[in-house]
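Colleague: First, the structure itself, so that you have it in front of you.
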Amino acid sequence: MPRVRYVPVQDPTRVRDVRVAAEEAAAAAGLDERRTAAAALVATELATNLLKHAQAGEVLVDVVDPPVPVEGRPERVVQITTIDHGPGIPDVDGALRDGFSTAGSLGAGLGTCRRLTDGFALHSVLGRGTVAVARIGSAAGEGSAGAPGVRVGGVNVPFAGADFSGDAWAWVRSGDRLTLMLADGLGHGSEAARASTAAVEELRHRAGLPPAECLPRLHTALAGTRGAAVAVAQLDTWAGRLRFAGIGNVTARLREGDRWRTLLSRPGIVGVHRPGTVREEEVAWTPESLLILHTDGLPGRWTPPPDTGLPPADPAVTAAVAVRDAGSPARPVRDDTAVAVLAPVPPDRP
Ligand SMILES: [Mn+2]
C-alpha cells in the first residue's frame, strides 16, 4: 500500500526527515540512484526554504501518477509539495532564476530545483503564502507527447500526519478517454487505505469504461474492504464531453467560465452497498473548464476562491492551494484530505 509522507517543518531537524521521506518515496517509485539523489536534493532545498522564507510549513511527499495522461500503466513519479502561510514571494520568476537568493542561501537554489525535476511549479500570493510542487520521475522532462490537451494532478494529506492516507486518486487513459478517480476509504488509517488502494488497482484494469459501468466493477473489487466513497470523471478529449458518476461523499466541482457547479453523487458506499442504478451526468468540457474532486477533508460547502493573479498552470498546485486555503485553526480537519484536479493545458504554456 502506498505511503503518503507528511512532515511539518518548523525547525532545521525536520529537513533531514523531508530528505529521508523523499529517498523512501524514490525507492517506492523505483527511481535509480541519480534520480533519487535529485529527489533528495530538491526535498532538502524546498524544506530549507520553508524555514528561511516562511519560518515554518508543511511538506507532503507522495508517489503519484504523472500529470500528462498516457496510455498504459503510468510510470509513477515522486511528488514533493510544500505549503506555507508565510509572507509570499514578491518575484516568483526571479526566485526561479539561478543565483537568485533572498535570504543568503547557500543551498542549491530554486533554479537548480527546476532543472533537476521533471516538473516544478511555484505559486505565491503576497500575504497568503507559497505552494511549491516538484515532481521527479525516471527521466527528465514531463514532455507532452500524445497529451490530450489536459493535465492531471492532486495532493493527498493524511489525517494527523499518519503514515497512510485513506484517500487515493489516480487516472487511466484509453484513446480519447481520460478517466480520473478519487476514492475515500471509510474512516482513516491503513484499513481505509486498503479500500482506496483496491479502487485504484481496479481502475487500472478498467480504462475506457464509462463511469456508470466502472463503479459497479469497483464495488465488486472492494468487497471485503471497509468500502469507500468514489467519484469517477471521464473526459472524452475528442468530443469535449465530461461524464461523471459518484457514490458516497466525494465532492465534484466543475468550473464553467466564472461559475462553479457541483456534479452530484448518489448515496452509498462502494464495496458495501451501492444504489441500484448509477446515474451519470454529462456536461460540456471547454478550454475554460476545470474539474476539482475532493474528499470530505475539505468542507462540503467549500467554494474555490476567485483567482488571485495568474491561475496555476499546474493542477497539483491548484490542489495544494485548495488545501491551504480551506484549512483554518477554527475549523480543524478531521479526516484525510485529497484533492484531484483536471485542467486544460493553457495555450501559452504548453
Ligand atoms: Mn475519509
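Colleague: HN-Hα J couplings of segment 229-238 from phi, Karplus 6.51/-1.76/1.60, θ = phi - 60°, integer Hz, Gly and Pro as x?
Modeller: Each residue's phi maps through the Karplus curve to give 8, 9, 10, 10, 10, 10, 9, 8, 5, 6 Hz.
Colleague: Once you keep just the Cα pairs under 8 angstrom separated by 6 or more residues, what percentage relative contact order results for the chain?
Modeller: Numbers: 882 pairs, mean separation 54.9, N = 350.
Reported relative contact order: 16 percent.
Colleague: Considering only the other residues whose Cβ falls under 13 Å of the Cβ of Gly208, what net charge follows from Lys and Arg at +1 and Asp and Glu at -1? Provide the component values of the computation, followed by the final result.
Modeller: Details: positive: Arg173, Arg177, Arg204, Arg206, Arg217, Arg243; negative: Glu71, Asp176, Glu213, Asp236.
After counting each charged neighbour, the total is +2.
Colleague: Explain nothing, just the number: dipole magnitude of the chain about its Cα centre with +1 on each Lys and Arg Cβ and -1 on each Asp and Glu Cβ, in debye rounded to the nearest 20.
Modeller: On the way: 37 positive and 40 negative charges, 84 e Å.
That gives the chain a dipole magnitude of about 400 debye.
Colleague: At q = 0.10, 0.20 Å⁻¹, what base-10 log of I(q)/I(0) does the Debye formula yield for segment 5-136 when every alpha carbon is treated as an equal point scatterer in vacuo?
Modeller: -0.29, -1.13
Colleague: What does the convex hull of the Cα atoms of segment 150-344 come to per residue, in Å³, rounded to a whole number? Mind dumping the intermediate values first?
Modeller: Working: hull volume 20.4 nm³, N = 195.
Dividing the Cα hull volume of segment 150-344 by its residues yields 105 Å³.
Colleague: Separate question: Show Glu213, Glu191 ordered by accessible area, largest first, where the area counts protein heavy atoms only and the probe is 1.4 Å. Intermediate values should be presented prior to the final figure.
Modeller: On the way: Glu213 100, Glu191 80 Å².
Largest accessible area first, the list is Glu213, Glu191.
Colleague: With all protein chains present, calculate the accessible area of Thr303 using a 1.4 Å probe and round the result to the nearest 10 Å².
Modeller: Number for this one is 80 Å².
Colleague: Related question: If I take R0 = 22 Å and measure r between the Cβ atoms of Glu201 and Thr286 in this structure, what FRET efficiency does the formula 1/(1 + (r/R0)^6) give, to the nearest 0.05? It would help to have the intermediate numbers written out before the result.
Modeller: Numbers: r = 33 Å, r/R0 = 1.48.
My answer for the efficiency is 0.10.
Colleague: Right, here's the next one. So, taking all protein chains as they sit and a 1.4 Å probe, how much accessible area belongs to Ser190, in Å² rounded to tens?
Modeller: Approximately 50 Å² of Ser190 is accessible to the 1.4 Å probe.
Colleague: Cα extents of segment 153-254 along the three principal axes, largest first, in whole Å?
Modeller: The Cα atoms of segment 153-254 stretch 42, 26, 20 Å along the principal axes, largest first.
Colleague: Is it possible to state the helix-based mean residue ellipticity at 222 nm for the chain, with each DSSP H run of 4+ residues giving -39500 (n - 2.57), the sum divided by total residues, to the nearest 500 deg cm²/dmol? What is it? Walk me through the numbers on the way to the answer.
Modeller: Details: 7 runs with 88 residues, N = 350.
Value at 222 nm, helices only: -8000 deg cm²/dmol.
Colleague: Taking a quarter of the surface of the Cα convex hull of segment 216-255, what do you get in nm²?
Modeller: Working: hull surface 14.2 nm².
Computed as one quarter of the Cα hull surface, the answer is 3.6 nm².
Colleague: Alpha carbons only, please: Rg and Dmax for the chain, in angstrom.
Modeller: That works out to 19.0, 62 Å for Rg and Dmax.
Colleague: Treating the beta-carbon of each Lys and Arg as +1 and of each Asp and Glu as -1, no other charges, what is the dipole magnitude of segment 150-344 about its Cα centre, to the nearest 20 debye? Provide the component values of the computation, followed by the final result.
Modeller: Working: 21 positive and 21 negative charges, 59 e Å.
Here segment 150-344 has a charge dipole of around 280 debye.
Colleague: A follow-up question, please. Please work out whether segment 240-301 counts as rounded, prolate or oblate from its C-alpha gyration tensor, where a ≥ b ≥ c are the square roots of the eigenvalues and a/c under 1.5 means rounded, while otherwise a/b larger than b/c means prolate and anything else oblate? Let's see the in-between values first.
Modeller: On the way: a/c = 3.06, a/b = 1.53, b/c = 2.00.
Because a/c hits 1.5 or more and a/b fails to exceed b/c, segment 240-301 counts as oblate.
Colleague: Ok, one more. Counting only protein heavy atoms, what percent of the accessible surface of the chain is carbon or sulfur at a 1.4 Å probe?
Modeller: Details: 7710 of 14690 Å².
Whole-percent figure for carbon plus sulfur exposure: 53.
Colleague: May I ask for the net charge around Gly185, where only other residues with Cβ less than 9 Å from the Cβ of Gly185 are counted and Lys, Arg are +1 while Asp, Glu are -1? Could the numbers behind the result be given before it?
Modeller: Values: positive: Arg194, Arg226; negative: Asp167, Asp184, Glu191, Asp336.
Value of the local net charge: -2.
The values are calculated or read from the model by the stated rules, or taken from the named source; none is laboratory data. Nothing here was measured: the structure is a model prediction, and the numbers come from that model. Note: ideal-geometry Cβ built from the backbone for every residue, glycine included; neighbour counts use all protein chains shown. Note: accessible area is taken over every heavy atom of the protein model, side chains too, but ligands, DNA and RNA are not part of it. Shrake-Rupley method; radii C 1.70, N 1.55, O 1.52, S 1.80 Å.
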